[in-house]
Amino acid sequence: MATALRDWSYQYPWLYGGISQVAALTVGGEPRFRRLLLQDLPLTGARVLDLCCGGGDVTRYLAATAPQKLVGVDASPKAIARLARNVPTAAGVCAFAEALPFAEASFDVVVCNTALHEMTADQRSAILQEVARVLAPGGWFALADFHKPHQPWFWPPLALFLSLFETETAWELLAVDLPAALAQAGLQNIQQRLYAGGSLQVVRAQKT
Ligand SMILES: C[S@@+](CC[C@H](N)C(=O)[O-])C[C@H]1O[C@@H](n2cnc3c(N)ncnc32)[C@H](O)[C@@H]1O
């Protein structure tokens, strides 16, 4: 179930942004939320891909880490236009994450912030295969997304957020073992960290 709020949030990014800012308070505020998945990644001098980058809310922090190359990919032309305004140093590419227009081993780091919950199981699996393909050996993938809370009092706010703004795929993601999915895509050295009572996960994995 999703409501008209979902359509409005795409039409008016400030609406989704405002709600996200409130939700981000559970992990210490929006700047920390946006950078959670970037912790400990070797970004300086790296070739970095922000997958499903939206308007660049994470890309802007990537740009500040002095990467050698920074690319944002999103399926929405409007998102790519916002990326160009918000992070002019990033190259925006309008493409589907499940069919990336890049050669094998093109990137040292790939990140994907709060986007996999929008994908069906088939899309998610294709995207993770693409991530493994475009990563160079030794490169890292990091994602942040919803997770089933282990603290019961995080269920009501998460359920309200998903009901108002998201679709079935976000509910489905709660039952998915993402570390196992990354392993299935051939990635290794998998680490999962949980935040906000378990309602948010950050997972990192390496292509060896
Ligand atoms: C919730 S937003 C997250 C945006 C950004 N990562 C952030 O942290 O603000 C999800 C983004 O994924 C994009 N998206 C959805 N399906 C996609 C696909 N198959 N390929 C590429 N981008 C996709 C949407 O256009 C949207 O910009």
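The values are calculated or read from the model by the stated rules, or taken from the named source; none is laboratory data. What you are looking at is a predicted structure, and each value in this text was computed from that prediction instead of being measured. Cβ atoms come from the backbone with ideal geometry, glycine included; neighbour counts cover every protein chain shown.
A single member of 47, 32, 60 is more than 15 Å from the ligand (Cβ to nearest atom) and of a type outside the set (Phe, Trp, Tyr), and it is 47. Where strands (runs of 3 or more DSSP E) fall wholly inside region 33-130, the ranges with 1 or more residues that are of a type in the set (Asp, Glu) are 47-51, 69-74, 107-113. When residue 82 is tested against (1) in contact with a Phe, Trp or Tyr (Cβ under 9 Å, 6 or more places away or on another chain); (2) in contact (Cβ under 8 Å) with a residue 60 or more places away in the chain, only condition (1) is not met. Determine, yes or no, whether residue 201 is in contact with an Asp or Glu (Cβ under 8 Å, 6 or more places away or on another chain) and either assigned to a strand (DSSP E or B) or surrounded by fewer than 16 Cβ atoms within 10 Å (Cβ to Cβ) (or both). So residue 201 passes the test. Cβ-Cβ contacts under 8 Å between residues 6 or more apart (or on different chains), taken from a first residue in region 35-57 that is polar (S, T, N, Q) to a second residue that is outside any helix (DSSP H, G or I) and buried (at least 20 other Cβ atoms within 10 Å of the Cβ), are listed as 39/202; 44/67.
Screening the candidates 88, 42 for the property of being farther than 28 Å from residue 177 by Cβ, more than 8 Å from the ligand (Cβ to nearest atom) and at pLDDT 95 or above yields one hit, 88. Somewhere in region 150-165, is a residue surrounded by 14 or more Cβ atoms within 10 Å (Cβ to Cβ), touching a Leu at 6+ places or on another chain (Cβ under 8 Å) and under 19 Å from residue 40 (Cβ atoms)? There is no residue in region 150-165 that is surrounded by 14 or more Cβ atoms within 10 Å (Cβ to Cβ), touching a Leu at 6+ places or on another chain (Cβ under 8 Å) and under 19 Å from residue 40 (Cβ atoms). State all residues of region 135-171 that are hydrophobic (A, V, I, L, M, F, W, C) and assigned to a strand (DSSP E or B); if no residue qualifies, say none. The answer is 135, 136, 140, 141, 142, 143, 144, 146. So which residues in region 96-125 are surrounded by fewer than 15 Cβ atoms within 10 Å (Cβ to Cβ) and near the ligand (Cβ under 10 Å from one of its atoms)? Within region 96-125, 99, 120 qualify.
Provide a single number: the residues in region 65-85 that are away from the ligand (no atom under 12 Å from the Cβ) and either of a type in the set (Phe, Trp, Tyr) or on the phi < 0 side of the Ramachandran plot (or both). Selection size over region 65-85: 8. Cβ separations smaller than 8 Å between residues 6+ apart or across chains give the following pairs from region 119-135 residues that are under 15 Å from residue 176 (Cβ atoms) to residues that are more than 13 Å from the ligand (Cβ to nearest atom) and β-branched (Val, Ile, Thr): 121/176; 124/176.
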